[in-house]
Protein chains: 2
Amino acid sequence: MSVPKYRPKRSNNIQVRPFGALFQRRVCMSISPLAPDSFPDMPPIGGLSLATAASGMKYQGRDDMLLMRSIADSHFAGLFTQSDTAAAPVQWCQDRLAQALCQSRPAAILTNAGNANAFTGSKGHLATMATADALAKAGHIDKDAILLASTGVIGEPLDTDCLAAQIPHLLADDKASWHDAAKAIMTTDTFAKGATSTCQLDGKQVTICGIAKGSGMIAPDMATMLGYIATDAAISPDMLLHILRRANAQSFNAITVDSDTSTNDSVFAIATGVAGNDEITSEAHTDFNHLYHAIKTVMLDLAKQIVRDGEGTQKLITIDILGADNDSDAYKIGMSVANSPLVKTAVAGCDANWGRIVMAVGKAGIGIDQNVIGVRIGGFDVALAGQRVENFDETPVATHMQGQNIDIAVSVGTGSGTARVYTCDLTHGYISINADYRS
Amino acid sequence: MSVPKYRPKRSNNIQVRPFGALFQRRVCMSISPLAPDSFPDMPPIGGLSLATAASGMKYQGRDDMLLMRSIADSHFAGLFTQSDTAAAPVQWCQDRLAQALCQSRPAAILTNAGNANAFTGSKGHLATMATADALAKAGHIDKDAILLASTGVIGEPLDTDCLAAQIPHLLADDKASWHDAAKAIMTTDTFAKGATSTCQLDGKQVTICGIAKGSGMIAPDMATMLGYIATDAAISPDMLLHILRRANAQSFNAITVDSDTSTNDSVFAIATGVAGNDEITSEAHTDFNHLYHAIKTVMLDLAKQIVRDGEGTQKLITIDILGADNDSDAYKIGMSVANSPLVKTAVAGCDANWGRIVMAVGKAGIGIDQNVIGVRIGGFDVALAGQRVENFDETPVATHMQGQNIDIAVSVGTGSGTARVYTCDLTHGYISINADYRS
């Protein structure tokens with residue numbers, strides 16, 4: 001086996017910075033002030049191996065490829081962008097998962113960062129095929145049991161030779177940590193994102209580990225950017241997909257950074273079954289809810305980390321909508337507020353601008369009666385029954401607006417529909433990052 | 001009659017700058033680089049008088065009220081925001097126009113800038129009633145023949161005493177120019193917006209004059225912010241509304257600055273009939289199209305001026321969508337591109353980032369086939385048949401991106417649906433303006 005030209009040392013230090021031109025620019029932007037103090041301790045998942053490598057395609061001095069391999073009889077599920085311009089690897093995965101081909105044999109997910117292989121036409125499909133071929137041959141994996149994910153610039157042909165050259169190294173050295181894995185899939189992210197949880201199923205301890213990347217072009221329509229959830233639990237493929245879909249609605253699909261939906265949004269779930277619990281094959285299984293909540297915990301944690309790394313963000317905004325006719329209406333109103341540039345710039349300026357919040361509620365076009373609208377900011381009533389509260393004292397609200405975590409709650413009626421969505425403020429940092437980065 | 005406390009001198013010089021705190025901040029932002037060289041020469045409209053006054057409510061040293069009065073038998077039409085949180089004056093106008101009460105008698109439109117009287121609950125409705133009452137009594141106008149418009153901060157009670165105090169002055173001195181009128185309705189606008197055209201109807205020369213205001217919270221759902229179109233043509237009320245609606249679809253409804261829809265969007269049309277042409281009472285009238293095009297010319301000019309004054313803008317972006325199944329699909333795709341923060345920041349950075357354009361086409365969710373998408377920027381083919389053109393030379397496109405007028409055309413199929421929409425780039429200026437201004 002040949003030695004790779006460049007293999008950066010792995011360590012547990014956060015090494016997101018001195019990496020190439022892009023990251024040099026992000027050094028100026030610095031790590032998000034909302035980043036967690038450190039990457040969590042995340043144990044390996046039995047039956048799953050991780051490997052990373054540096055293709056040298058775009059970034060210098062950092063890994064930009066991730067191979068996740070699972071043992072036979074692992075189960076996979078995936079959710080993908082609903083964009084009309086979904087990227088070639090998304091279409092590849094959808095075809096494979098629709099045929100349930102990856103569900104009962106050794107399987108793999110290969111990811112590259114720096115080029116999204118999106119809007120690349122027939123070249124893009126040839127590139128997915130060539131990459132899967134190379135991995136299938138070298139790794140003795142059924143080609144149709146290989147899933148592919150790409151993230152980075154849109155519209156540029158993908159150089160598959162760069163990727164193929166690293167496949168032997170990815171197969172030979174598969175002892176990467178979750179932290180290594182999370183770093184290898186980053187693009188404009190300023191920190192690596194990981195989360196883990198455990199639960200007891202059938203008397204057996206089960207572990208869930210997840211990683212994700214994303215900080216711009218975040219308005220998931222099905223899943224956000226790239227997310228990977230792995231567990232050693234035994235669970236049937238259809239129940240794995242069911243849990244993924246349910247948890248996704250309240251995590252990755254409940255966030256927005258900038259209202260722009262990526263061509264490459266993908267979230268994968270892998271269950272190796274190594275924990276040895278009684279396989280969960282229906283929602284009626286006594287352990288279904290335990291696993292559901294453990295997985296949802298990881299996904300929500302990752303989703304919020306993505307918002308905390310929203311391009312240029314200084315504040316995490318949590319928006320609760322209450323009293324809508326149904327959850328779907330509440331969600332639409334919540335996203336209308338979360339995507340409003342005027343609400344997000346007001347938060348950036350520490351301005352408790354309830355007028356803009358009400359404007360964004362109104363433009364959602366749900367047909368609510370404005371005379372019942374109430375607005376709370378930081379737990380303080382700002383408006384009740386369609387107008388500002390009498391003798392409003394803005395002081396405590398202004399203090400809340402100075403913080404990093406901004407809570408907005410809007411009551412829009414007496415219905416039972418609710419939604420909680422997350423976003424970040426819109427700052428000069430977002431402009432700086434996106435006015436000079438071709439992503 | 002008492003002399004008003006403060007009546008600034010009127011002149012034809014552009015006087016948008018040394019006005020109060022808000023305008024002092026906008027001095028830092030300076031007049032939009034896309035502003036026209038000067039305000040156009042706009043003749044009076046026979047049968048219509050204009051008056052402006054300074055309420056002192058918010059701005060110091062400038063007029064912030066506008067009264068337009070028309071002679072008997074003038075015809076009015078209006079289009080308004082479709083927001084669920086439409087402001088009290090919008091509801092007032094909708095009620096009046098629904099009853100056709102202002103159509104055949106002396107009538108008036110009173111506008112104030114600085115407070116939108118939006119989300120003000122029952123207080124807001126009392127304020128509209130009190131203001132209309134005061135004007136009706138002092139001016140001997142039927143209260144139901146008075147239309148009201150407000151623009152400015154949302155959620156704050158409107159001080160009607162300030163407005164009522166100026167009504168005698170507005171009635172006594174009604175010789176304001178269109179330029180005075182356009183300046184009196186400004187809020188964050190950096191320049192006054194006016195446009196005029198003429199046409200021959202039935203051998204008579206007819207004049208159209210229009211003014212508008214708006215530079216943020218611009219994503220009209222029916223009309224944008226405040227627009228006023230006046231003509232001396234004779235035309236029936238239903239035909240006036242018909243023309244207003246048709247022209248609006250291709251002018252004010254075809255622009256977006258920041259995807260946020262105002263609570264106060266209103267556009268009014270007034271036809272005094274003083275020109276003496278044979279009244280246009282149906283679309284089949286030989287002169288219908290002449291008047292339609294003359295009015296549309298004014299409205300499109302004003303709409304583009306609003307984009308040219310988009311908060312923080314440096315570039316006007318014209319987006320053509322071609323080949324959609326129908327105009328509605330084309331419009332949705334166009335607005336998806338026009339509202340994408342990533343497309344708008346790329347343009348701000350002079351980056352011909354076709355990948356982001358394609359992303360925004362995809363997220364519109366129309367169900368187009370990405371393999372037929374073509375993208376032209378500045379007239380140069382960038383992508384054809386779903387991928388970047390072979391041997392793409394970015395040099396001429398990069399030169400185009402350095403300019404102030406950016407043209408993007410996207411072909412999405414072979415259908416006959418087209419749309420042209422206008423937006424501006426997203427810059428640090430937008431953040432600066434909106435992170436510290438309560439609008």
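The values are calculated or read from the model by the stated rules, or taken from the named source; none is laboratory data. As the structure is a computational prediction, the values presented were derived from the model and not from experiment. As a convention, Cβ positions derive from the backbone with ideal geometry for all residues, glycine included, and neighbour counts pool all protein chains shown.
Exactly one of these conditions fails for A:LYS315: (1) more than 25 Å from B:HIS428 (Cα to Cα); (2) away from chain B (no Cβ under 11 Å); (3) buried (at least 19 other Cβ atoms within 10 Å of the Cβ). Give me its number. All conditions are met except number (1).
Do we have A:THR345 as polar (S, T, N, Q), out of contact with any Phe, Trp or Tyr (no Cβ under 8 Å at 6 or more places or on another chain) and farther than 19 Å from B:PRO157 by Cβ here? For A:THR345, the condition - polar (S, T, N, Q), out of contact with any Phe, Trp or Tyr (no Cβ under 8 Å at 6 or more places or on another chain) and farther than 19 Å from B:PRO157 by Cβ - is not met. When B:ASP260, B:ASP287, B:ASP265 are screened for being surrounded by 18 or more Cβ atoms within 10 Å (Cβ to Cβ) and touching a Lys or Arg at 6+ places or on another chain (Cβ under 8 Å), only B:ASP260 passes.
Within the stretch A:284-312, residues that are on the phi > 0 side of the Ramachandran plot sit with their Cβ atoms under 6 Å from residues that are outside any helix (DSSP H, G or I) and surrounded by fewer than 24 Cβ atoms within 10 Å (Cβ to Cβ), at 6+ positions apart or across chains, in these pairs: A:GLY312/A:THR427.
Taking the stretch A:64-76, which residues are surrounded by fewer than 24 Cβ atoms within 10 Å (Cβ to Cβ) and either acidic (Asp, Glu) or at pLDDT below 85 (or both)? If the condition is that a residue be surrounded by fewer than 24 Cβ atoms within 10 Å (Cβ to Cβ) and either acidic (Asp, Glu) or at pLDDT below 85 (or both), then A:ALA72, A:ASP73 are the ones that fit. Against the conditions (1) outside any helix (DSSP H, G or I); (2) among the β-branched types (Val, Ile, Thr); (3) more than 27 Å from B:VAL412 (Cβ to Cβ), A:THR131 satisfies every one except (1). Filtering the stretch B:105-135 to residues that are hydrophobic (A, V, I, L, M, F, W, C), modelled with pLDDT under 95 and more than 14 Å from B:ILE167 (Cβ to Cβ) leaves B:ALA107, B:ALA113, B:ALA116, B:ALA118, B:PHE119.
Only one of the numbered conditions (1) outside any loop (DSSP other than H, G, I, E, B); (2) within 14 Å of chain B (Cβ to nearest Cβ); (3) not hydrophobic (A, V, I, L, M, F, W, C) is violated by A:ASP258, and that is (1).
Please go through the stretch B:388-414 and pick out each residue that is free of Cβ contacts under 8 Å to residues at least 60 places away in the same chain and within 18 Å of A:GLY121 (Cβ to Cβ). Within the stretch B:388-414, B:ARG388, B:VAL389, B:GLU390, B:ASN391, B:PHE392 qualify. Considered as a group, the residues in the stretch B:169-197 that are within 14 Å of B:GLN305 (Cα to Cα) and in contact with a Ser or Thr (Cβ under 6 Å, 6 or more places away or on another chain) include one that is surrounded by the most Cβ atoms within 10 Å (Cβ to Cβ), and that residue is B:ASP189. Among the residues of the stretch B:71-96, those identified as part of a loop (DSSP other than H, G, I, E, B), of a type outside the set (Val, Ile, Thr) and more than 21 Å from the chain's Cα centre (by Cα) are B:ALA72, B:ASP73, B:SER74. Looking at the stretch A:378-425, which of the residues that are among the hydroxyl-bearing types (Ser, Thr, Tyr) and farther than 16 Å from A:ASN353 by Cβ is farthest from the chain's Cα centre (by Cα)? Checking each candidate, the answer is A:THR414. Being in a loop (DSSP other than H, G, I, E, B) and either over 17 Å from B:ILE208 (Cβ atoms) or within 22 Å of the chain's Cα centre (by Cα) (or both) is the filter here; which residues of the stretch B:46-70 pass it? Scanning the stretch B:46-70 gives B:ALA54, B:SER55, B:GLY56, B:MET57, B:LYS58, B:TYR59, B:GLN60, B:GLY61, B:ARG62, B:ASP63, B:ASP64. Only one of A:GLN250, A:GLN200 is surrounded by fewer than 24 Cβ atoms within 10 Å (Cβ to Cβ) and at pLDDT below 85. Can you tell me which? A:GLN250 is the lone residue from the list that is surrounded by fewer than 24 Cβ atoms within 10 Å (Cβ to Cβ) and at pLDDT below 85.
When B:GLN82, B:GLN91 are screened for being within 14 Å of chain A (Cβ to nearest Cβ) and in contact (Cβ under 8 Å) with a residue 60 or more places away in the chain, only B:GLN82 passes.
The residue of the stretch B:203-219 that is nearest to the other protein chains (Cβ to nearest Cβ), among those that are buried (at least 24 other Cβ atoms within 10 Å of the Cβ) and assigned to a strand (DSSP E or B), is B:LYS213. When we screen A:LEU241, A:LEU170 for residues that are within 23 Å of A:ARG69 (Cβ to Cβ), modelled with pLDDT under 95, outside any loop (DSSP other than H, G, I, E, B) and among the aliphatic types (A, V, I, L, M), the only hit is A:LEU241. For first residues located in the stretch A:167-188 and over 22 Å from A:MET42 (Cβ atoms) and outside the structural domain of A:ILE229 (by TED's automatic domain parsing), partners that are modelled with pLDDT of 95 or more and part of a loop (DSSP other than H, G, I, E, B) and lie 6+ apart or on another chain with Cβ distances below 6 Å do not occur. The single condition among (1) within 15 Å of A:ALA182 (Cα to Cα); (2) surrounded by 20 or more Cβ atoms within 10 Å (Cβ to Cβ); (3) of a type outside the set (Asp, Glu) that A:PRO40 does not satisfy is (2).
Looking only at the stretch A:287-304, decide whether some residue is polar (S, T, N, Q), over 29 Å from A:THR414 (Cβ atoms) and outside the structural domain of A:ASP381 (by TED's automatic domain parsing).
There is at least one residue in the stretch A:287-304 that is polar (S, T, N, Q), over 29 Å from A:THR414 (Cβ atoms) and outside the structural domain of A:ASP381 (by TED's automatic domain parsing).
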